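One structure is given here, and the rest of the page talks about it.
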Amino acid sequence: MEDWSKYYASRTSRMTASDIREILKLLDQPDIISFAGGIPDPALFPKKEIAAAYQNILTDPKRSTAALQYAVSEGYQPLREWLAGYMAKLGVQCTADNILITNGSQQALDFIGKLFISPGDTVLVGWPTYLGALQAFNAYEPVYDVLPGPDNNRTPESYGGPGHSKPKFAYSMPEFQNPTGTSLTLEQRKQLLDVADIIDVPIIEDTAYEKLRYDGDRVPSIMQIAVERAGGIDNCKVIYLGTFSKSIVPALRIGWVVAPKPVLRKLVLIKQASDLHVSPLNQMVMHEVASAIIEPHTELIRKKYKTRRDAMLKAMATYMPKDVSWTKPEGGMFLWVTLPQHIDGSELLKTAIEKARVAFVPGAAFYADRSGHNTIRLNFSLNDPPVIEEGIKRLAGLLQDAKAAA
C-alpha cells in the first residue's frame, strides 16, 4: 500500500482523533452508562416545529427556490437581522453586517485559527480548555500559553517577555466552560479585558452554553463589556461565537460570529473559499424555529438539565470518596472531577468501561500540554436522575477499590 504520509503537510502531525468522538462510539452499546459526550438530549429536540418549518419553506414556490439555490456567504439576511436583535437583548448593539453564519461554532473556531495563527504564534487558552478549540487551532501550528485568569497569577508583563512571543489572541469560554462547568465572574471578565488591552490581543469569546443557566443572575458577556468600553462594536477587540446546537438542535449546524466589520469581511473571504455558504434551507428553518420558540424551548431544556445536574451533584456527595473533588456549576452540561494524584483518568476509563460499564472523558484531553492526568469530565445532560445515580455509584465504587488497593 502506498505511504501517503510522505505527501502530507507538516501540520498534519498535529491532527489527532478526538478522544470524545472515539468514546462516543460506546453509545451504541446499550449497557453503557455514558457521562462522556456533551450531547443534548434528543428527546428535547423540537422535531415538530422543525418538520413544519421545512414543510412551510419547501411548499412555498418563492422561498423554496431561495432555500435550494446558492446563496451569499454572509448568511441568510433575515436570520442575521434576527440575530442582531438577539444580540441587542444581550447588551451588544450590532447590525447584520457584524454577523456571519457558520457551519456550527466549530467552523468559526477553524476560521479564527486560519485568520490569526501563523506557525509558531502563541495562543492563550484555559488550562484546561475546550478540546474542539485545540483541535481547530492545532492545524495552524501554534504554541499555547496560559490564559490570564483566576487559576494563575500571571502578570501582563509575563506575556511576550523574554522567551515568549507576543500572543495573537486569547480564547475564553466564560459561561459554564467546557470542560469544567465554571464561569468567570463580572470582575474576572473585566480583569481579562484589562490584561488583553495591556498586552494588545483580541479575545475570542465562545458562548456555546449561554442559554443553559440554572442558578444565579446573567453576567454580561465579555463582548458587552468591551463594546460599552469602546463606544461601539467596531471599536472593540472581542469576537463573539454563538451557536444554536445547545438551544435548538445540533444537526442543522447553525452557528454565528459577531465581530467588528473589518474582521467580518476577512472571515467572509475565508467562508467563500471554504464552503461558499451554510445551507440556505437549514438557515431558513432555523430562523423560523428560533424566532418562534427559542425562549420557551430553552426554558424547558433548563428545567430538565437542572434536575439532572442536581441529581449528579447529590450522587457525587453521597457516594464519592472524600479525596475526590468536583465543580458545582451554575449551568452548562459538565462537572469537572479531580481525583487523587495517583489515579490516572485514562486508566480509570478502561477499568470503568470493563468492570462498571460507565464512560466519561479523561481530563488530559482538555490540556494543551496533555497534563491533568488525574482529572475527568462528567456530562449530566443526557441521562435521567436514576441512571445518573447508578452510574456515579458504580464509578465511586471503582475509586473506593482503587483507594483500598493503594
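The values are calculated or read from the model by the stated rules, or taken from the named source; none is laboratory data. All values reported here derive from a predicted model rather than from experimental measurement. FYI the Cβ positions are ideal-geometry reconstructions off the backbone, even for glycines, and counts take in every protein chain you see.
The figures follow:
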{"quantity": "Test: residue in the stretch 86-107 that is within 30 Å of residue 349 (Cα to Cα), polar (S, T, N, Q) and modelled with pLDDT under 95", "calculated": "no"}
{"quantity": "Of residues in the stretch 291-307 being surrounded by fewer than 18 Cβ atoms within 10 Å (Cβ to Cβ) and polar (S, T, N, Q), the one farthest from residue 331 (Cα to Cα)", "calculated": "291"}
{"quantity": "Long-range neighbours under 8 Å by Cβ, at least six apart or interchain, first residue in contact (Cβ under 8 Å) with a residue 24 or more places away in the chain and polar (S, T, N, Q) within the stretch 232-243, second buried (at least 21 other Cβ atoms within 10 Å of the Cβ) and in a strand (DSSP E or B)", "calculated": "243/254; 243/255; 243/256"}
{"quantity": "Residues that are of a type in the set (Gly, Ala, Ser) and in a loop (DSSP other than H, G, I, E, B), drawn from the stretch 374-406", "calculated": "381, 406"}
{"quantity": "Residue that is nearest to residue 390 (Cα to Cα) [pool: residues in the stretch 307-346 that are among the aromatic types (Phe, Trp, Tyr) and touching a residue at least 60 places away in the same chain (Cβ under 8 Å)]", "calculated": "319"}
{"quantity": "Residue check, residue 224 closer than 30 Å to residue 66 by Cα, assigned to a helix (DSSP H, G or I) and touching a residue at least 12 places away in the same chain (Cβ under 8 Å)", "calculated": "no"}
{"quantity": "Check on residue 31, assigned by TED's automatic domain parsing to the domain that holds residue 362 and either of a type in the set (D, E, K, R) or without any contact (Cβ under 8 Å) to a residue 12 or more places away in the chain (or both)", "calculated": "yes"}
{"quantity": "Unmet criterion (only one of (1) in contact with an Asp or Glu (Cβ under 9 Å, 6 or more places away or on another chain); (2) β-branched (Val, Ile, Thr); (3) surrounded by 19 or more Cβ atoms within 10 Å (Cβ to Cβ)) for residue 268", "calculated": "(3)"}
{"quantity": "Meets criteria (out of contact with any Ser or Thr (no Cβ under 6 Å at 6 or more places or on another chain), hydroxyl-bearing (Ser, Thr, Tyr), in contact (Cβ under 8 Å) with a residue 24 or more places away in the chain and closer than 27 Å to residue 299 by Cα) for residue 274", "calculated": "no"}
{"quantity": "Search result, residues across the stretch 384-406 that are surrounded by 18 or more Cβ atoms within 10 Å (Cβ to Cβ), in contact with a strand residue (DSSP E or B) (Cβ under 7 Å, 6 or more places away or on another chain) and farther than 16 Å from residue 322 by Cα", "calculated": "391"}
{"quantity": "Qualifying residues in the stretch 365-406 (those that are under 19 Å from the mean Cα position of the chain (by Cα) and without any contact (Cβ under 8 Å) to a residue 60 or more places away in the chain) - the one nearest to residue 144 (Cα to Cα)", "calculated": "370"}
{"quantity": "Unique residue being assigned to a helix (DSSP H, G or I) and within 18 Å of residue 249 (Cβ to Cβ) when the list is 313, 300", "calculated": "300"}
{"quantity": "Odd one out for residue 127, checked against (1) without any contact (Cβ under 8 Å) to a residue 40 or more places away in the chain; (2) assigned to a loop (DSSP other than H, G, I, E, B)", "calculated": "(1)"}
{"quantity": "Selection within the stretch 95-108 - in contact with a helix residue (DSSP H, G or I) (Cβ under 9 Å, 6 or more places away or on another chain) and either surrounded by fewer than 24 Cβ atoms within 10 Å (Cβ to Cβ) or among the hydroxyl-bearing types (Ser, Thr, Tyr) (or both)", "calculated": "95, 96, 97, 98, 102, 103, 105, 106, 107"}
{"quantity": "Members of the stretch 275-290 found to be surrounded by 15 or more Cβ atoms within 10 Å (Cβ to Cβ) and part of a loop (DSSP other than H, G, I, E, B), listed by number", "calculated": "277, 278, 279"}
